[in-house]
Amino acid sequence: MTASDSASLGTALITGASSGIGALYADRLARRGYDLILVARNRQKLDRLADDITNRTGRAVEVFTADLGDAASLATVEDKLRQDASITLLVNNAGIGTHTPLLQSDVARMTEMIHLNVTAPMRLAYAAVPGFVARSRGALINIASVVAIAPETLNGVYGASKAFVLAFSQSLRHELAAQGVRVQAVLPGATATDFWALGGLPVEHLPSHIVMRADDLVDAALVGFDRNEAVTIPSLHDEQAWQTYEAARQALAPQLSSHQPAQRYLAGA
Ligand code: NAP
């Protein structure tokens, strides 16, 4: 990549950049030549990462402390996205999860999860995308999860929050296709980060053959981005399996509305 290529990449704003997958996106995107805005709550971790990345790559890295579960704090990041025309990429990554079954979970905690996993990425997309469209340039990477299509696997509210992220991404991609704005949903399987311990199940308790290293996950997800994939599942080896699933979904779409109930639902049929 030449210096002028890299100068033209613009700035990537990454949420949840203080650790795990988000911190690795920060590293990889800086190495590709993006300047960065790193968002999370832990200022110390963000500062350390920003210094390290600037020293290694020479890219400009701004730290933005915000609690994305808090409406007022979230609004400061929305303002930044609306006002800073250098931003060309939004990585909606911040998120929390748990494996605790629905009925054993505290509803207040589940509500906080929805604020962070659903409301925040939705509002940040609303803040960023009009500028991307106006400038005919920009991309959105939304970190969902494989539980978006397998919600029976972990906590149901977590799975449902990630199903929202997937559906939202698919819809946005469809809507923005002709307007020069790319949208990718990334569906990680189990990935070795603090996410698991924070959710009450340390990652060491999972069978190691289902757990991917976070750097492998991010590198693979960026290959998917370069391939302009709508949905990237780094841990799914059989690509055809996804294509079959997606083709079946697309084939259902035109059959899903009708003026009359299906025969099997007619009383006495
Ligand atoms: P992680 O290491 O725990 O990172 C989560 C990041 O989100 C941290 O930087 C954290 O920073 C930030 N965050 C948490 N609450 C926040 C809040 N209220 N406001 C702002 N930032 C907040 O976990 P990770 O695995 O990298 O998770 C990243 C994304 O991947 C999540 O959306 C998760 O659902 C998804 N994912 C993970 C896995 C997995 O197995 N690890 C699998 C599928 C999907 P602060 O604490 O500094 O705020």
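The values are calculated or read from the model by the stated rules, or taken from the named source; none is laboratory data. Keep in mind it's a predicted model, so treat the numbers as computed, not measured. Using ideal geometry, Cβ is built from the backbone for each residue, glycine included, and neighbour counts are taken over all protein chains shown. All accessible areas refer to the heavy atoms of the entire protein, side chains included, with ligands and DNA or RNA removed. Shrake-Rupley method; radii C 1.70, N 1.55, O 1.52, S 1.80 Å.
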Open to solvent by 60 Å² or more (accessible area, probe 1.4 Å), at pLDDT 95 or above and basic (Lys, Arg), is that true of residue 28? no
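Table: residues versus (1) more than 15 Å from residue 92 (Cα to Cα); (2) open to solvent by 60 Å² or more (accessible area, probe 1.4 Å); (3) out of contact with any Lys or Arg (no Cβ under 6 Å at 6 or more places or on another chain).
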| residue | (1), (2), (3) |
| --- | --- |
| 138 | no, no, yes |
| 150 | yes, no, yes |
| 186 | no, no, yes |
| 193 | yes, no, yes |
| 205 | yes, yes, yes |
Quickly run through the range 72-107 and pick out the residues that are in contact (Cβ under 8 Å) with a residue 60 or more places away in the chain, away from the ligand (no atom under 16 Å from the Cβ) and more than 20 Å from the chain's Cα centre (by Cα). 84, 86
Say whether the condition of being on the phi < 0 side of the Ramachandran plot and surrounded by 17 or more Cβ atoms within 10 Å (Cβ to Cβ) is met by at least one residue in the range 238-257. no
Regarding the range 21-31, can at least one residue be identified that is without any contact (Cβ under 8 Å) to a residue 60 or more places away in the chain, away from the ligand (no atom under 12 Å from the Cβ), over 17 Å from the mean Cα position of the chain (by Cα) and assigned to a helix (DSSP H, G or I)? yes
Is the range 101-120 home to any residue that is of a type outside the set (Asp, Glu), within 21 Å of residue 177 (Cβ to Cβ) and surrounded by 17 or more Cβ atoms within 10 Å (Cβ to Cβ)? no
Out of (1) away from the ligand (no atom under 14 Å from the Cβ); (2) under 22 Å from residue 17 (Cα atoms); (3) open to solvent by less than 20 Å² (accessible area, probe 1.4 Å), the odd one out for residue 176 is which? (2)
Can you name every residue in the range 179-201 that is within 24 Å of residue 104 (Cα to Cα) and either more than 14 Å from the ligand (Cβ to nearest atom) or part of a helix (DSSP H, G or I) (or both)? 195, 196, 197, 198
(1) touching a residue at least 24 places away in the same chain (Cβ under 8 Å); (2) in contact with a Ser or Thr (Cβ under 8 Å, 6 or more places away or on another chain); (3) farther than 24 Å from residue 98 by Cβ all hold for residue 220 apart from (1)
